[in-house]
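The values are calculated or read from the model by the stated rules, or taken from the named source; none is laboratory data. Since the structure is predicted, the reported quantities are computational estimates derived from the model, not experimental observations. Note that we place each Cβ from the backbone using ideal geometry, even for glycine, and neighbour counts take in every protein chain shown.
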């Protein structure tokens, strides 16, 4: 949802938008040509995270709560777009909370049992969390240095958007206790 949203919104914005140096928030700002696309994509992503958190029964409860809260934060980001110029404390705060929750949910959802689905095992879960946190730190660095803000933000948001899919796919491929087939 999010990747498709920022792609379409960037096309609507035209050549004035530079995805390497400008953030996704520029596309979601009041007055942006793709404002409605980004608002819809962010809200849909939030709802997807909430639904995933509700249905991801094999995951540990703290991880499911963090994923669901990250979904709520994504909806808040959609409801609190930044102004067309300058920053917004409300928008930035919702983004920071969402980035944090979506970065830590994999490690909080980990299942230490040997027979856990691959996406919920401690190794992959910790790796996903570390990658998300490192990419978020890189994004913060780029924001302060005025560099490749857009690239760094797209990396962290892509990781955070795709990891729930990876976890769900690994759970679906993993035979549960009621399915003894290999």
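Note on region 4-50: residues that are in a helix (DSSP H, G or I) and either free of Cβ contacts under 8 Å to residues at least 60 places away in the same chain or within 20 Å of residue 142 (Cα to Cα) (or both) total 28. Could you pull out the residue among 34, 70, 4 that is under 30 Å from residue 121 (Cβ atoms) and crowded, with 16+ Cβ neighbours inside 10 Å? Matching residue, one of 34, 70, 4: 70. When region 118-128 is filtered for residues that are over 18 Å from the mean Cα position of the chain (by Cα) and either assigned to a helix (DSSP H, G or I) or modelled with pLDDT under 95 (or both), the ones remaining, listed by number, are 118, 122, 123. Specify which of the listed residues (28, 59, 10) is crowded, with 16+ Cβ neighbours inside 10 Å and over 21 Å from residue 80 (Cα atoms). Just a single option satisfies the conditions, and that option is 59. Determine which member of the set 60, 78, 9, 69 is over 18 Å from the mean Cα position of the chain (by Cα) and at negative phi. Going through 60, 78, 9, 69 in turn, the sole match is 60.
The residues of region 129-150 that are in a helix (DSSP H, G or I), surrounded by fewer than 17 Cβ atoms within 10 Å (Cβ to Cβ) and modelled with pLDDT under 95, listed by number, are 137, 140, 141, 143, 144, 145.
Annotation for region 69-77: no member residue is over 19 Å from residue 155 (Cα atoms), in contact (Cβ under 8 Å) with a residue 40 or more places away in the chain and out of contact with any strand residue (DSSP E or B) (no Cβ under 6 Å at 6 or more places or on another chain). Of all residues in region 51-90, those being part of a helix (DSSP H, G or I) and touching a helix residue (DSSP H, G or I) at 6+ places or on another chain (Cβ under 6 Å) number 17. Scanning region 91-116 for residues that are assigned to a helix (DSSP H, G or I) and at pLDDT below 90 turns up 91, 92.
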